[in-house]
Amino acid sequence: MKKTLLLTVLCMFMVWGFSYAKPVNPIFNHYVAVGDSLTHGFQSGAVDETRQPNSYPALLAKKMQIEFDQPLLKFPGYLINIEDFLKGNIRWWQYYYPIVGGVRRDNYKNSDILDNFGVTGADIKDGLDTTGKSGGYFKLVLGKDGASMIDQAIAQKPTFMTFWLGNNDVLGAALSCDTSKLTPIDTFRTRFEKTADRIASAMEDNGGTIRGVVLVNVPSVTSIAYLQKVTGPDFAEGSYNPFWMMTPSDNMMLSPDDISMINQRTQEVNDEISYVAMANGWGYVDANAIFKEIKEYGHRLRDVSGDPTGDRVITAEYLGGLFSLDGVHPSNTGHAVAANYIIDEINEMYGVELSHVSEINTAASDSLLQHPVDPRNKLDGWVADAIYGVVEIFM
Amino acid sequence: MYKKSLFLFFFLILLVSGFLFLEKTRNFFTDDKYEISYENKKTDSSKPESVIKHFALQKKDSSEAVKKEDKLEDKEEFRRMKLKLKGNFYIPLQPGDKRSEEVEKMLADKILLEIKMKKNTATRKEKIRYLKYQIKSARDKIAIAQYIMNRTADLSENNHKEYLSPEDIVQGREEIKRLGVLANFYESKLESMTE
């Protein structure tokens, strides 16, 4: 009888042990992500709890088979998602949330266990210096008096980190069509190296916990759907304006010289990111080259094995599938694509075998791809705020 | 007989545990079982935290009756909101609705002015127009937030549905206070410009 009891207890413990998921590799015991709106899960002009689970870091965590805590915002979030607005998905009383500046689902109770430190609007100086006291998205992610993104991320004692900051240092100028908004390259270099040094000091070799880091660089402004070529006798060939300007205006125009200046700064910023990755032996994803390739050739959707077996080819054009309705941030499918390119790098750099996110399945359940809606010519107080919000947070 | 029972007992334990294991892990490891329903988001603010803690995946809402009831309520409440808050920038447009050309022009003008202000290229007249838009935006937001607070409180007394949580109300009051300060600030700026 005793034997039976012992065996039963043993059996139950075994089952209990199995029922808890283990990371696919110990390097992923604790993954944290640091970044801007792309990491935050911003889409179509808003961040909210229904799309945050599809942010590329959440998809990576899923493939690592680990839990991943995010600062979820009650639907429909801060600002509003243009798609939800145009499709009438938002209940009458839920408009309260964007009006009051977004409300954290957990009422900040999970602040000590967060893993996603992507903050919409953050640029390189914010990584180390900006705290929750700055309000807005910083408060919503870091907490009212919370420390900076990097400080909080490192305090989590992570074993793995992805870092994708720098977009706002360059893209802000493009979105607001104002090259004076470019972060001076010397400032960027100093800040980036300071941030990288802080991460390096928390590596396992230096007595910390981090065993792997992947850096991602900045895409080219002409690869995103936000900017569209302007044609007409009044404008220099190669000028661009935002997709939402139905009638081209000099107030929101990037001349060929502006574009060239932004591209040059992008190159300088990416050289810095690449150098830091190499100097520290970290992974490096060349998002700039990837987005350029997609812009030129489109992207055939990949399955879980990473093979491009999908029937559908998405593009980087407006409503082409890669970008959400704000033209800057990826759609759900775009996030799956981004996650997969990062997985490619992680697998190669760290000799692991993370399976890919099925872009085919993601696209099949991506409402924007399945039932597209076009906000152009449907300007409304909310859409205007969402579009302007995208411009403003980058400024 | 004893051995057979023992074997059956363990087999049953394994079967149940296997089922529990699959249930527990499927939302982590599959791409297909769960998906987010964008077509009809009915976020329930009273949902326990544990349900949405990590991935916040929602099963598609299969209860057509609930959807219909909510849709009817939305239709009525949007209509009421329009009536009570005429001219408010933030009254949500419903699919098929159209704003007047004048309001659309005003909204487009608002974006351009905001950009000109940021670039410091706005004329005095444009600055005045910008300040007026900002005051209207802040006051309109306050009006909507207060309206929703009051209306949901009234409705939940009658239909016992849950809308805003006490924490939502606290945050709303803070934001209303902030927007009030902002509107006053723009008003004093406008006053000094038009003196």
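A short reminder: the numbers here are calculations on the coordinates, not readings from a lab. Every value quoted in this text rests on a predicted model; they were computed, and no experiment measured them. Cβ: placed from backbone, ideal geometry, glycine included. Neighbour counts: every protein chain shown.
At-a-glance table
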quantity	calculated
Inter-chain shielding of A:364-371 (mean C-beta neighbours from other protein chains, 10 Å cut-off)	3
Contour minus Cα-Cα distance for A:Ser274 and A:Met261 (0.36 nm per residue)	2.7 nm
Antiparallel %, DSSP beta bridges [both residues in chain A], to 5	35 percent
For the stretch A:25-393, with +1 on Lys and Arg beta carbons and -1 on Asp and Glu, the positive-most of A:Gly172, A:Ser255, A:Val47 along the dipole	A:Val47
10 Å Cβ neighbours from other chains, averaged over peptide B:119-130	1
Max mean-square fluctuation residue, GNM over chain A, Cα-Cα springs under 10 Å, options A:Asn263, A:Asn340, A:Asn167	A:Asn263
Magnitude of the charge dipole, the stretch A:25-393, Cβ model with Lys/Arg +1 and Asp/Glu -1, debye to 20	920 debye
Reduced Cα scattering model of the stretch B:99-175, Debye log10 I(q)/I(0), q = 0.22 Å⁻¹	-0.94
Selected from A:Gly146, A:Met245, A:Phe163, residue furthest toward positive end of dipole (chain A; charges at beta carbon)	A:Gly146
Distance (nanometres) between label positions extended 7 Å along Cα→Cβ at B:Ser165 and B:Phe7	5.3 nm
Label-point gap, in nm, between B:Glu191 and A:Glu204 - each point 7 angstrom along Cα→Cβ	6.5 nm
Shielding score for B:134-146, defined as the mean number of other chain Cβ atoms within 10 Å	2
By average C-beta atoms within 10 angstrom, highest first, the peptides A:193-201, B:133-141, A:85-93	A:85-93, B:133-141, A:193-201
CD proxy at 222 nm, helix term only [per DSSP H run n ≥ 4: -39500 (n - 2.57); per residue of chain A; nearest 500]	-12500 deg cm²/dmol
Computed Rg/Rh of the stretch A:25-393, alpha carbon atoms with Kirkwood Rh	0.94
